[in-house]
1. For the stretch 68-155, state which GluC sites (Glu not before Pro) are in a DSSP loop and have at most 15 other beta carbons lying within 10 Å of their beta carbon.
2. For a quick check, take a GNM of the chain with Cα springs below 10 Å and name the residue from Ser236, Ser60, Ser172 with the largest mean-square fluctuation.
3. What does the charge add up to near Ala100, with Lys and Arg as +1, Asp and Glu as -1, over the other residues with Cβ less than 14 Å from its Cβ?
4. I need the phi-derived Karplus couplings for the stretch 47-60: 6.51 cos²θ - 1.76 cosθ + 1.60, θ = phi - 60°, integer Hz, Gly and Pro marked x.
5. Provide the per residue accessible area, probe 1.4 Å, for the stretch 12-89, rounded to a whole number of square angstrom.
6. As I understand it, the dipole of the chain uses +1 on the Cβ of Lys and Arg and -1 on the Cβ of Asp and Glu, about the Cα centre. Which of Ala99, Ala152, Asn193 lies farthest toward its positive end?
7. Among residues other than Pro114 whose Cβ falls under 10 Å from its Cβ, what is the net charge (Lys/Arg +1, Asp/Glu -1)?
8. Can you compute the helix-only [θ] at 222 nm over the chain? Use -39500 (n - 2.57) per DSSP H run of at least 4 residues, normalise by all residues, nearest 500 deg cm²/dmol.
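The values are calculated or read from the model by the stated rules, or taken from the named source; none is laboratory data. Note that the coordinates shown come from a computational prediction; the quantities given were computed from them, not determined experimentally. For neighbour counting, all protein chains shown are included, and Cβ atoms are generated from backbone atoms with ideal geometry for every residue, glycine included. The area values use the complete protein model at the heavy-atom level, side chains included, leaving out ligands, DNA and RNA. Shrake-Rupley method; radii C 1.70, N 1.55, O 1.52, S 1.80 Å.
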Amino acid sequence: RDIARLRRQYDQFLDIYTKLVKNNLIPDMKLDQLVANTKLLTDSLRQNPNKVVWNDTISSRIPELAAHIFALWTLSKAEHYFEAEGLDNRESYLVKPHAAQVIAIFRLLSVGDPDEALNNNLVEIKTGEGKSIILAVTAMIFVLVGFDVNCACFSEYLSQRDYLVFLPLFESLETQPHIHYGTFNKLCEGIINEKGDIRQIVSKMISATRNEQKVGPQTTHRPKILLIDEVDVFFSRDFYGNVYTPAAI
């Protein structure tokens, strides 16, 4: 990886992020314009469903896009900042991204790689270091440039908790239809049943009512991205290499 390039990209991110927060941090702020500007950043970067192109043109825009998303995140959680008016440490009441979180996102998106191509990446994030926000922002960046994202986790409870925490941010950027949180099995079910409930289709195909079953409508498919939470669980004997067997009675 190119450390110097990563440092330049981070400095660019921090400069844009700081200005966005400073310019919008006012009581009763309206974030509609910031949301609109964030969406406009990716108009020329949308992926073709049939051909994924990931190059330095996209990579060079990631710091700016990440800065806009993180600025929205910080500003949407600024209520305690305004409550702390008059305090010397008022700035500490703002929820801000840590440098390591931003770099983790850059590395997941192959920023700093020699070819800047979209590769499979593995990032170690220890407990308490903000894995949830890293996954959420990475997912939003992918969706904004035209991908459909699955965030796989071993726990249904943790998966739904993280999804609900970031749902307002997903909704503000209209990314929620293309971000899917769930357990590995739930995400498999979603993929298998994209065109209809496979159990019902099989049952009705065998029964006399098979003509009543209609396959779901054809949709324009986006290229898919899989983000895995707890990769060691993914490679456990209960999932990786195991057989998935939906059943219909």
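1. Working: sites: Glu79, Glu83, Glu85, Glu91, Glu116, Glu124, Glu129; in loops: Glu85, Glu116, Glu124, Glu129.
When the GluC sites (Glu not before Pro) of the stretch 68-155 are filtered for loop state and at most 15 Cβ neighbours within 10 Å, Glu85, Glu124, Glu129 remain.
2. With Cα springs under 10 Å in the chain, the top fluctuation among Ser236, Ser60, Ser172 is at Ser236.
3. Numbers: positive: Arg7, Lys96, Arg107, Lys126, Lys131; negative: Glu124, Glu129.
Net local charge, Ala100 excluded: +3.
4. Once θ is set to phi - 60°, the couplings for the stretch 47-60 become 7, 6, x, 9, 7, 8, 10, 10, 9, 5, 5, 6, 4, 5 Hz.
5. Values: 4470 Å² over 78 residues.
Each residue of the stretch 12-89 exposes 57 Å² on average to a 1.4 Å probe.
6. Farthest along the dipole direction, towards plus: Asn193.
7. On the way: positive: Arg1, Arg5; negative: Asp2, Asp113, Asp115, Glu116.
It works out to a net charge of -2.
8. On the way: 11 runs with 118 residues, N = 249.
Taken over the chain, the calculation gives -14000 deg cm²/dmol.
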